[in-house]
Amino acid sequence: MLVTTKEMFEKSMKEGYAIGAFNVNNMEIIQAIVEAAAESRSPVILQASSSAIKYAKMRYLMKMVEAAVEEHPEVPIAIHLDHGPDFETAKMCIDSGFTSVMIDGSKYSFEENIELTKKVVDYAHSKGVVVEAELGKLAGIEDEVKVEASDAMYTDPVQAQEFVKRTGCDSLAIAIGTSHGAYKFKGEAKLRFDILKEIKERIPNTPIVLHGASTVIPKLVEMCNQYGGDIPGAKGVPDEILKQASNSGVSKINVDTDLRLAMTAGIRKVFSEDPSAFDPRKYLMPARELIKDTVKHKMVNVFGSSNRI
Ligand code: TD3
Ligand code: ZN
């Protein structure tokens, strides 16, 4: 069933688990994610960035999501805009049938972020759509915006409380040490659980979102490298830390890099083992399977969202 994230998050907060939000760009990725959700009986969030929408095209994207919902009517599926850059993009997604949008005003000042977020919230709520906002800055690469690691700014819990009150946003993405992409940590992976705890104390009813939360699964990186890739020194958020986050009030965990790695590893393996392969189904099928296994692992063993429907 196509749903907003409202009931999903209410249940996840009550029962103490997180819901995976997986970035989608094409048919194989969508199929892999929803099949994993169906098999593990987990709710799921499909999310598309504005560049993904440009790539796949809105009509194709929405028809594929519609097909996924029809194929798996028992699975609660939300379709969400990831890192909405401006009001116009959020409006376009709301008008096209998205059930949730993110407005990412984290690059603006506190007051400008509030103003922009409020504008999106007003429009979205008038259409029955929910809004995720962001406060604080993630380190690393955020779609096209680059933030230097030294400029990483953790979310201020006091500001978070005021922000939610003044914007009426439905969920809040926070910065507690994660970053986008395959290179999240130089040394030990560490998240500021103390900040998360204080945020949860101040806004206990607001679902919290963790961006940049891929594990950068070592087995997938090794597989890419074993079959001709060159991705040295990649490092993400270990499963144990994500498990802790899922148990500590994080309701939505965003994953893109691990899916990219799975797809690439699967394709590379076929090409490397059979250089004569040129039927796209021959290399996309194993890639789709590997994405499905990756998503299932997260739902069942890390986020704790399996058997919740
Ligand atoms: O918003 N996203 C997905 C887009 C970022 C580009 O990878 C995330 O927060 C997921 O972050 P990641 O890189 O850890 O999967
Ligand atoms: Zn993100």
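For the stretch 1-39, what are the residues that are assigned to a strand (DSSP E or B), within 17 Å of the chain's Cα centre (by Cα) and of a type outside the set (S, T, N, Q)?
Result: Ile19, Gly20, Ala21, Phe22.
For every residue, the table says whether it meets (1) within 16 Å of Thr206 (Cα to Cα); (2) assigned to a helix (DSSP H, G or I); (3) at pLDDT below 95; (4) open to solvent by 50 Å² or more (accessible area, probe 1.4 Å).
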residue	(1), (2), (3), (4)
Val69	no, yes, no, no
Thr117	yes, yes, no, no
Ala124	no, yes, no, no
Val158	yes, yes, no, yes
Lys165	yes, yes, no, yes
Leu172	yes, no, no, no
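Looking only at the stretch 219-232, decide whether some residue is away from ligand 1 (no atom under 12 Å from the Cβ), touching a Cys at 6+ places or on another chain (Cβ under 9 Å) and either of a type in the set (Lys, Arg) or part of a loop (DSSP other than H, G, I, E, B) (or both).
The answer is yes; a qualifying residue exists.
Would you check which residues across the stretch 93-115 are open to solvent by 60 Å² or more (accessible area, probe 1.4 Å) and within 16 Å of ligand 2 (Cβ to nearest atom) and list them?
Hit for the stretch 93-115 is Lys107, nothing else.
Going residue by residue through the stretch 91-101, is there one that turns out to be part of a strand (DSSP E or B) and either without any contact (Cβ under 8 Å) to a residue 12 or more places away in the chain or in contact with a Phe, Trp or Tyr (Cβ under 8 Å, 6 or more places away or on another chain) (or both)?
no
Could we say that Ala36 is surrounded by 19 or more Cβ atoms within 10 Å (Cβ to Cβ) and over 24 Å from Asn307 (Cβ atoms) here?
So Ala36 fails the test.
Given the structure, is Gly266 over 17 Å from the mean Cα position of the chain (by Cα) and buried (at least 17 other Cβ atoms within 10 Å of the Cβ)?
Spelling it out, Gly266 is indeed over 17 Å from the mean Cα position of the chain (by Cα) and buried (at least 17 other Cβ atoms within 10 Å of the Cβ).
Mind telling me which of the residues Val237, Val221 ends up being open to solvent by less than 30 Å² (accessible area, probe 1.4 Å), of a type in the set (Val, Ile, Thr) and more than 16 Å from ligand 2 (Cβ to nearest atom)?
On inspection, the qualifying residue turns out to be Val221.
Could we say that Ser42 is in contact with a Gly (Cβ under 9 Å, 6 or more places away or on another chain), of a type in the set (S, T, N, Q), more than 21 Å from Asp258 (Cα to Cα) and not in a helix (DSSP H, G or I) here?
No; evaluated as a whole, the condition is false for this residue.
Which members of the stretch 102-115 meet the condition of being in a helix (DSSP H, G or I) and within 21 Å of the chain's Cα centre (by Cα)?
Answer for the stretch 102-115, where residues must be in a helix (DSSP H, G or I) and within 21 Å of the chain's Cα centre (by Cα): just Asn113.
For the stretch 235-260, give me each residue that is within 11 Å of ligand 1 (Cβ to nearest atom) and part of a loop (DSSP other than H, G, I, E, B).
Gly236, Val237, Asp256
What single numbered condition from (1) within 30 Å of Asp170 (Cβ to Cβ); (2) open to solvent by 20 Å² or more (accessible area, probe 1.4 Å); (3) of a type in the set (Asp, Glu) fails to hold for Glu273?
Condition not satisfied by Glu273: (1).
Kindly indicate which of Thr178, Thr167 is polar (S, T, N, Q) and more than 12 Å from ligand 1 (Cβ to nearest atom).
Thr167
Can you report the number of residues in the stretch 198-218 which are within 15 Å of ligand 2 (Cβ to nearest atom) and either open to solvent by 20 Å² or more (accessible area, probe 1.4 Å) or small (Gly, Ala, Ser) (or both)?
Selection size over the stretch 198-218: 3.
The values are calculated or read from the model by the stated rules, or taken from the named source; none is laboratory data. This is a predicted model, so every value here is computed, not measured. Ideal geometry is used to build each Cβ from the backbone, glycine not excepted, and the neighbour counts take in all protein chains shown. For accessibility, only protein heavy atoms count, side chains too; no ligands or nucleic acids. Shrake-Rupley method; radii C 1.70, N 1.55, O 1.52, S 1.80 Å.
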